[in-house]
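Working notes for the structure below.
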Amino acid sequence: MLIVFSSIAEAEDPPEFLFQWGTQGNAEGQLITPHGIVVSVTGDVYVADTGNNRIQKFSGDGTFIRAWGAFGVGAGQFNHPHGIAADRAGNVYVGETGNHRIQKFTTDGTFITTWGTQGSGDGQFLHLHDLAVDAVGNVYATDRDTHRVQRFTSDGTFVTKWGSFGVTNGQFNQPNGVAVDEDGNVYVADTSSRIQKFTSNGTFLLQWGTPGAGDGQLTFPRGMSRDGLGNVFVADRDNQRMQMFSTGGTFIAKWGSFGAGPGEFNSPYAVAADANGNVYVADSSNNRIQKFMFVHAGRVPDGSGIPGTPLTVNKATGNDVTLTWGPSCLTTDVDYEVYEGTLGDFTSHRPKFCTTGGATTITFEPAVGGTYYLVVPRSATREGSYGTDGNGIERPQGVARCLPQAIAGCQ
């Protein structure tokens, strides 16, 4: 039995509000109309503190780490920093609406390079709005007033562009948010209250969304994010909410309403999601960042394609989760081993807990980072088994509702 913190493309409950940080002001950790946010591969959160013309870096729990920038046109200075993105090497890219350029920094704010000038030519901008970086370091930028998307290498070399004013496929009406998935597909939100999906070269694939306040409808969508687990998040600004979709545009979840309380928004401008189920929202007019958490259950089929007994996961108190699983294929199994591993490396799991007396549930605080869990009976002795038959021979995977697994000793 396997559980991963991953997504399922069907309607689910809203995420849990965890905490918030930020108040109006210019001191460390304070914000004025933040318009951009991104989570790095190490879990740090970078915020485009637009009204203060600076970038602030926080840990995932909202602890202030550092800030850089001031109003101006020099290297490392800003005029209305808006879009922000980070690559897998930890470099941070900032798009400035007022200076019509993109600046690239190290993770600690050291200036590396810049590109862009005012205009409508290749590599120029009239209203640079949002940024996204793909897995190989290409930088995508939405330019609202030229109604297009531009793609650059990580050092600012122009690669391609697409879009023009209009409402047909591949056209834009003031494109705002942009996000990129693991396959290099590009998602763009524009004022026409729709999301369009393209290949990395700008070939139109599909679209979704119509004006309105219903599920899947949008009113002035702004920032977007992908979580690496098959979900697309959209800051549905004028509906004062967040919406979550599959990569094919299927509506999954929504949350939020107008206000200043936990889980409420006043002009949500940007969103950043990670592979752990965490979602950070730049709640612009409330001058704060809110953090939410999704916990998704999954299942793995056995070797013959029969759906296996699923592990389910539910939120408990605080940061704890509760795992619950079905019984073993063998009625003699009463003790179980719970293993924890790093998502993406399915050979990394190590013993986490032992349960006895036939217990099929346990509550604990999960590890930080993308994590998966395996539960197997203690009688199993090797990978691909689910205990032994009465004659002592290992039962192969794919028998009845048995699942493949890898095990180790449980002391």
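Structure data summary
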item	result
Accessible surface, 1.4 Å probe, highest first, among residues Phe64, Phe292	Phe64, Phe292
Residue-normalised accessible area of segment 42-150, expressed per residue, 1.4 Å probe, Å²	33
Accessible area of segment 142-181 belonging to carbon and sulfur atoms, whole % at 1.4 Å probe	46
Signed unit charges on C-beta, dipole axis of segment 1-146, positive-most listed residue Thr107, Gly51, Val73	Val73
Built amide H within the under 5 Å cut-off of Gly177, gap 5+	Ala189
Sequence of Ile65, Ile195 when ordered by accessible area, the most exposed leading, probe 1.4 angstrom	Ile65, Ile195
Carbon/sulfur fraction of accessible area - segment 219-300, other protein chains in place, 1.4 Å, %	46
Solvent-accessible area per residue, Å², over segment 214-297 with all protein chains present [probe radius 1.4 Å]	24
Residue-wise HN-Hα coupling along segment 70-84, computed from phi with Karplus coefficients 6.51, -1.76, 1.60 (Hz; x: Gly, Pro)	7, 5, x, 10, x, 4, x, 9, 9, 10, 6, x, 10, x, 8
Solvent exposure ordering (accessible area, 1.4 Å, most first) of Lys315, Lys104	Lys315, Lys104
Computed accessible area, Trp325, all protein chains, 1.4 angstrom probe, square angstrom	10
Furthest towards positive pole of dipole, Gln174, Val159, Tyr187, structure part segment 132-207, Cβ charges	Gln174
Extension gain from Thr23 to Thr250, taking 0.36 nm per residue of separation minus the Cα-Cα distance	78.2 nm
Antiparallel DSSP beta bridges within segment 31-93, percent to nearest 5	95
Long-range HN-HN contacts of Arg54 with modeled amide H, under 5 Å	Asp49
Rounded to the nearest 10 Å², the accessible area of Arg350 at probe 1.4 Å	140
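The values are calculated or read from the model by the stated rules, or taken from the named source; none is laboratory data. Just so it is clear, the model here is predicted, and its values are computed rather than measured. With ideal geometry, Cβ positions are generated from the backbone for all residues, glycine too; neighbour counts draw on all protein chains shown. Only protein heavy atoms, including side chains, enter the accessible area calculation; ligands, DNA and RNA are left aside. Shrake-Rupley method; radii C 1.70, N 1.55, O 1.52, S 1.80 Å.
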